Amino acid sequence: MVDRLADKVIVITGAGSGIGAHTATICAQAGAAVVCADVDLAAAERTVASLAESGARSLAVQVDVSNASAADAMAATALEAFGKIDGLFANAGITGEGSVTSVSLADWNRVIAVNLSGVFLSCRAVLPSMVAAESGAIVATSSIGGLVGVPNIAAYAAAKGGVTGLVRQMAVDYAPSGVRVNAICPGTIPTPLVVSAYKQRDYIAGGVDEAFARAASRFPLGRVGTLDDAALLTLYLLSDESGWMTGQSLAVDGGVSTAGWQVGQ
Ligand code: NAI
């Protein structure tokens, strides 16, 4: 894995936990300097501490991605520390339970603010330096909920579907400037976010392991995802290996978006 991101500077939002934290590790192992941004500064600092053990250059930054000036400050801090931004993994996100008739307007607005506007604001913050450099790779985290109908997540699905549309749109706008924009659409990967969603769905009565075992049985490939499944696709999309790909939203989901989502999953 060494050198796939050699000399690159990668900014990762939601780097304090789950998919973002693991992708930070994978990017550092691939040779990148990593800016670990999260609303939870202590969590981002834990990720940075674990990267430092292997000698990687990294920096923790506190950001609420739904806040425009905080997103701008994140990019400015990265540029000040490392002089350039080669890649952005716009990954920070929160759960969003409820149908259109049950979700409150406040919950709807918060999920859209973090999961969709947060991607917009993070991209807007890093794009000027990428455009000036005529080079850059952005990866956003959508979801299979952005590709197929998943029950009872109206705000989350709207935000993630919005991310896939935004990725297509930005790909077209910034291709002439040498900037590529793609999205990953993961299926269920055990992280604190999914445990929180399962709790809200009453899906976890028999315990976390039992809930994930039940979920696994509904994926055509017979298991839920791993952090590597999401991080290694992201690594590919951030690296020059995917240099002729832009505007794509790629499912990494054990085949479930092809076979169809089942109620309860
Ligand atoms: P996680 O809960 O482990 O990590 C999310 C991180 O985002 C946390 O460190 C949290 O502090 C941070 N965060 C939350 N709100 C933020 C904000 N306003 N500004 C900055 N940071 C913020 O969750 P996970 O699973 O790693 O999720 C990462 C992304 O993957 C999210 O966008 C999620 O929607 C998406 N996703 C996750 C799937 C899964 O099964 N785990 C499936 C599909 C998509």
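The values are calculated or read from the model by the stated rules, or taken from the named source; none is laboratory data. Please read all numbers here as calculations on a predicted model, not as lab measurements. Virtual Cβ from ideal backbone geometry, glycine too; neighbours counted across all protein chains shown. SASA here: full protein model, heavy atoms, side chains in, ligands and nucleic acids out. Shrake-Rupley method; radii C 1.70, N 1.55, O 1.52, S 1.80 Å.
Hey, what's the chain come to in accessible area per residue, 1.4 Å probe, Å²? Before the final figure, lay out the partial values.
Details: 11090 Å² over 265 residues.
Accessible area per residue, the chain: 42 Å².
If you consider only alpha-carbon coordinates, what radius of gyration and Dmax does the stretch 106-247 have, in Å?
16.7, 53
Rounded, prolate or oblate for the stretch 10-116? Axes are the square roots of the Cα gyration tensor eigenvalues, ordered a ≥ b ≥ c, and the cut-off for rounded is a/c under 1.5.
Prolate shape, in that a/c is at least 1.5 and a/b is the bigger ratio.
Along the charge dipole of the chain, pointing to its positive end and built from +1/-1 on Cβ of Lys, Arg, Asp and Glu, which listed residue (VAL139, PRO128, ALA44) has its Cα farthest out?
Going by the Cα projections, it comes out as VAL139.
Can you give me the long-range amide H partners of VAL252? Hydrogens built in the peptide plane at 1.01 Å from N, cutoff under 5 Å, separation of 5 or more residues or another chain.
When sequence neighbours closer than 5 places are left aside, the close amide H contacts are CYS185, GLY187.
Jot down the per residue volume, in cubic angstrom and as a whole number, of the convex hull over the alpha-carbon atoms of the stretch 40-169.
Convex hull of Cα atoms, per residue: 120 Å³.
Measuring from label point to label point, each 7 Å out along Cα→Cβ, what is the ARG110 to ALA175 span in nm?
Distance between the two pseudo-spin positions: 3.9 nm.
What percent do you get for the relative contact order of the stretch 104-193 when only Cα pairs under 8 Å and 6+ apart count?
So the answer I get is 36 percent.
Any idea what Rg and Dmax come out to for the chain if you just take the C-alpha atoms, in Å?
So, for the chain, Rg and Dmax equal 17.4, 53 Å respectively.
Counting only protein heavy atoms and using a 1.4 Å probe, what share of the accessible area of the chain belongs to carbon plus sulfur, as a whole percent?
The value for the chain is 55 percent carbon and sulfur by accessible area.
Between the DSSP loop rule and a limit of at most 12 other Cβ atoms within 10 Å, which chymotrypsin sites (Phe, Trp or Tyr not before Pro) in the stretch 202-265 are left?
Taking the stretch 202-265 and a limit of 12 other Cβ atoms within 10 Å, the loop chymotrypsin sites (Phe, Trp or Tyr not before Pro) found are TRP244.
Taking Cα pairs under 8 Å and at least six residues apart, what relative contact order does the chain come out at, in percent?
Across the chain, relative contact order equals 19 percent.
So what's the stretch 176-265 giving for Cα Rg divided by 2.2 N^0.38 Å, two decimals?
After normalising by residue count via 2.2 N^0.38 Å, the value is 1.27.
Projecting each Cα onto the charge dipole of the stretch 1-125 (Lys/Arg +1, Asp/Glu -1 at the beta carbon, about the Cα centre), which of ALA73, ALA106, LEU88 comes out farthest on the positive side?
The Cα lying farthest towards the positive end belongs to LEU88.
Between ALA6 and ASP209, 0.36 nm times their residue separation minus their Cα-Cα distance comes to what?
Gain in length upon complete extension: 69.3 nm.
Restricting to DSSP H runs of at least four residues, report the calculated mean residue ellipticity at 222 nm for the chain, -39500 (n - 2.57) per run over all residues, nearest 500 deg cm²/dmol.
Per the formula, -14000 deg cm²/dmol.
From Cα pairs below 8 angstrom and at least 6 apart in sequence, can you work out the relative contact order of the stretch 40-120, rounded to a whole percent?
Relative contact order here is 26 percent.
Got a sec? What order do LEU105, LEU127 fall in by accessible area at 1.4 Å, biggest, i.e. largest, first?
Sorted by accessible area, descending: LEU105, LEU127.
Find how much the distance from ASP202 to ALA52 grows on full extension, using 0.36 nm per residue of separation minus their present alpha carbon separation; answer in nm with one decimal.
Length gained between ASP202 and ALA52: 50.1 nm.
What is the magnitude of the charge dipole of the chain about its Cα centre, with +1 placed on the Cβ of each Lys and Arg, -1 on the Cβ of each Asp and Glu, and no other charges, expressed in debye to the nearest 20?
Charge dipole of the chain: 460 debye, to the nearest 20.
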